[in-house]
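The values are calculated or read from the model by the stated rules, or taken from the named source; none is laboratory data. It should be emphasised that the depicted structure is a prediction, and the values quoted were computed from it without experimental measurement. Note that we place each Cβ from the backbone using ideal geometry, even for glycine, and neighbour counts take in every protein chain shown.
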Amino acid sequence: MSQVLGSKELLAAVHERDLCIGCGACVEICPYFKNFRGKTAQLFACTLPQGRCFAYCPKVEVDLEELYQLTWRQSYAGTALGPIRQILAAAAGPGMEPGAFQGGGTVSALMAFALKKGLLDVATLTQRDGLIAAPLLVTDWSQVAKAGGSKFMAAPTLAGVNSAVRQGYQKIGVVGTPCQMTAVAQMRANPLNKVEHRVPVALTIGLFCNWSLDTRQLNDLLEGRVALDSIRAMDIPPPPANVLVLDTDQGKMEISLSEVKPLIPHTCFTCLDMTSELADLSVGMYEGREKWNTLIVRSETGARLVEDAVKEAFVIVEPMPEVNTTHLANAAAAKKERSMRILIQRGLINTVNGTHAVVRMPSAAMEKILPAKK
């Protein structure tokens with residue numbers, strides 16, 4: 001990040017342009033920023049010329065070349081899936097506590113294993129109260145499964161990371177979406193170069209994500225149709241289902257995606273990353289195979305964790321068929337292309353006219369994502 005500014009500039013560049021995703025990166029480090037029912041707001045003005053609120057935000061002046069060099073020691077090339085050591089089919093094994101998993105339970109199993117083995121002091125997860133997503137700090141590995149299951153709403157999960165740092169935890173694990181993994185990478189970089197700002201994240205598990213939903217609008221859509229506190233699980237099955245499925249105390253309920261998609265925040269359409277390219281491990285659904293996940297191993301830390309978790313039966317893995325890998329890469333590349341077009345259209349990438357960009361990257365990466373027409 002070339003220049004770190006303060007909350008005044010953050011509000012102008014992100015909030016006033018409807019780009020905030022409510023990730024929680026600015027919450028619990030400043031008493032002025034709060035998240036309520038999925039929305040982040042500043043309660044009182046702040047005059048500090050620099051702040052971690054600006055430095056951590058994944059929606060302003062994100063320099064992907066800088067983050068890739070810091071995280072992977074390589075340039076950002078605009079490839080579909082980012083750095084990959086291995087792509088596997090994975091699921092929770094018999095060593096893992098049972099739970100209401102989404103897909104194969106791979107995320108819960110890996111995070112629980114890391115806690116049990118002392119690789120982490122605390123795991124920063126996301127819980128749900130009705131439809132309100134909130135951060136959850138877990139120190140007991142057997143409790144991880146209770147936070148299992150997709151939320152589909154923008155969540156202030158990273159407020160939990162800031163809280164864990166304040167409480168003195170030294171080995172923090174984080175599960176989050178691509179935008180949250182971008183923010184965590186910026187936290188790890190310590191952009192203000194202060195010892196007291198060190199964020200000791202030891203493990204990141206990123207989720208596949210095409211978009212999230214606005215919490216308040218989703219509440220409004222479902223209120224009167226279903227008791228929100230009766231919702232036990234949520235899922236969006238692969239095509240051609242085209243529905244959001246709610247598992248409630250009264251049974252299953254389906255909502256057409258034609259009603260749901262208008263609730264996607266505009267900022268999601270500026271996100272280039274579908275598979276959490278800056279995480280140690282990335283996990284998503286395995287299309288066509290229930291109770292299994294797609295697992296991308298990216299870092300040495302992630303590779304060691306998977307290897308050890310397999311040895312102790314917390315996770316089971318199989319080779320991923322090439323056709324599935326190709327399909328995933330095509331989907332991720334398509335998201336990059338769609339988002340790049342919107343970033344260019346809105347003047348939010350590599351800006352040079354004094355306005356803040358959402359993202360910056362090398363011109364070669366732009367050409368890779370969106371080749372110039374001959």
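Among the residues of region 169-208, count how many are of a type in the set (A, V, I, L, M), farther than 21 Å from GLU61 by Cβ and either part of a helix (DSSP H, G or I) or not assigned by TED's automatic domain parsing to the domain that holds ASP273 (or both). Residues meeting the conditions: 1. For region 1-46, taking the residues that are surrounded by fewer than 18 Cβ atoms within 10 Å (Cβ to Cβ) and among the charged types (D, E, K, R), the one that is farthest from ILE264 (Cα to Cα) is identified as LYS8. Residues in region 232-246 that are at pLDDT 90 or above and under 22 Å from THR126 (Cβ atoms): LEU244, VAL245, LEU246.
Applying the selection to region 36-60, what residues are of a type in the set (D, E, K, R) and either at pLDDT below 95 or in contact with a strand residue (DSSP E or B) (Cβ under 7 Å, 6 or more places away or on another chain) (or both)?
ARG37, LYS39, listed by residue number.
Of the candidates CYS57, CYS46, CYS53, CYS30, the single residue that is touching a residue at least 60 places away in the same chain (Cβ under 8 Å), among the hydrophobic types (A, V, I, L, M, F, W, C) and more than 28 Å from PRO237 (Cβ to Cβ) is CYS57.
Which members of region 274-287 meet the condition of being within 19 Å of ALA185 (Cα to Cα) and not in a loop (DSSP other than H, G, I, E, B)? Lay out the reasoning, then the answer.
Of all residues in region 274-287, those within 19 Å of ALA185 (Cα to Cα) come to 274-283.
Within region 274-287, LEU281, SER282, VAL283 meet the criteria.
Summed over region 217-248, the residues that are under 24 Å from CYS271 (Cα atoms), surrounded by 16 or more Cβ atoms within 10 Å (Cβ to Cβ) and either in contact with a strand residue (DSSP E or B) (Cβ under 7 Å, 6 or more places away or on another chain) or of a type in the set (Val, Ile, Thr) (or both) give a count of 6. The set of residues in region 305-324 being crowded, with 19+ Cβ neighbours inside 10 Å and in a strand (DSSP E or B) consists of VAL315, ILE316, VAL317. Taken together, the residues in region 121-146 that are of a type outside the set (A, V, I, L, M), buried (at least 17 other Cβ atoms within 10 Å of the Cβ) and at pLDDT below 90 amount to 1. For region 288-304, the set of residues classified as over 13 Å from PRO238 (Cβ atoms) and either outside the structural domain of ALA114 (by TED's automatic domain parsing) or part of a loop (DSSP other than H, G, I, E, B) (or both) consists of LYS291, ARG298, SER299, listed by residue number.
Taking the listed residues VAL144, VAL165, the one that is more than 23 Å from THR40 (Cα to Cα) and in the same structural domain as ALA25 (by TED's automatic domain parsing) is VAL144, with no other qualifying. Close contacts from region 318-337, counting a first residue that is under 14 Å from LEU295 (Cβ atoms) and a second that is surrounded by 14 or more Cβ atoms within 10 Å (Cβ to Cβ) and not hydroxyl-bearing (Ser, Thr, Tyr), with Cβ to Cβ under 6 Å and a gap of 6+ residues or different chains, come to GLU318/ALA89; MET320/ILE87; MET320/LEU88; MET320/ALA89; THR325/ILE87. Residue by residue through region 194-212, note down the ones that are over 14 Å from GLN102 (Cβ atoms), surrounded by 20 or more Cβ atoms within 10 Å (Cβ to Cβ) and not β-branched (Val, Ile, Thr). Answer for region 194-212, where residues must be over 14 Å from GLN102 (Cβ atoms), surrounded by 20 or more Cβ atoms within 10 Å (Cβ to Cβ) and not β-branched (Val, Ile, Thr): LEU203, GLY206, SER212. Checking each residue in region 104-160 for being of a type in the set (Val, Ile, Thr), without any contact (Cβ under 8 Å) to a residue 60 or more places away in the chain and assigned to a strand (DSSP E or B) picks out VAL122, THR124, THR126, VAL138. Considering GLN86, GLN42, the condition of being at negative phi and touching a Phe, Trp or Tyr at 6+ places or on another chain (Cβ under 6 Å) is satisfied by GLN42 alone.
Among the residues of region 77-98, are any surrounded by fewer than 20 Cβ atoms within 10 Å (Cβ to Cβ), modelled with pLDDT of 95 or more and of a type in the set (S, T, N, Q)? Yes, that holds for at least one residue.
Results for (1) in a loop (DSSP other than H, G, I, E, B); (2) of a type in the set (S, T, N, Q); (3) over 18 Å from the mean Cα position of the chain (by Cα), shown as yes or no for each residue.
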{"residue": "GLN3", "(1), (2), (3)": "yes, yes, yes"}
{"residue": "CYS20", "(1), (2), (3)": "yes, no, no"}
{"residue": "ILE29", "(1), (2), (3)": "yes, no, yes"}
{"residue": "CYS46", "(1), (2), (3)": "yes, no, yes"}
{"residue": "ALA55", "(1), (2), (3)": "no, no, no"}
{"residue": "PRO58", "(1), (2), (3)": "yes, no, no"}
{"residue": "GLN69", "(1), (2), (3)": "no, yes, yes"}
{"residue": "TYR76", "(1), (2), (3)": "yes, no, yes"}
{"residue": "GLU97", "(1), (2), (3)": "yes, no, yes"}
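Answer yes or no: is there a residue in region 269-282 that is free of Cβ contacts under 8 Å to residues at least 40 places away in the same chain and either more than 26 Å from PRO94 (Cβ to Cβ) or among the β-branched types (Val, Ile, Thr) (or both). No; the residues of region 269-282 include none that is free of Cβ contacts under 8 Å to residues at least 40 places away in the same chain and either more than 26 Å from PRO94 (Cβ to Cβ) or among the β-branched types (Val, Ile, Thr) (or both).
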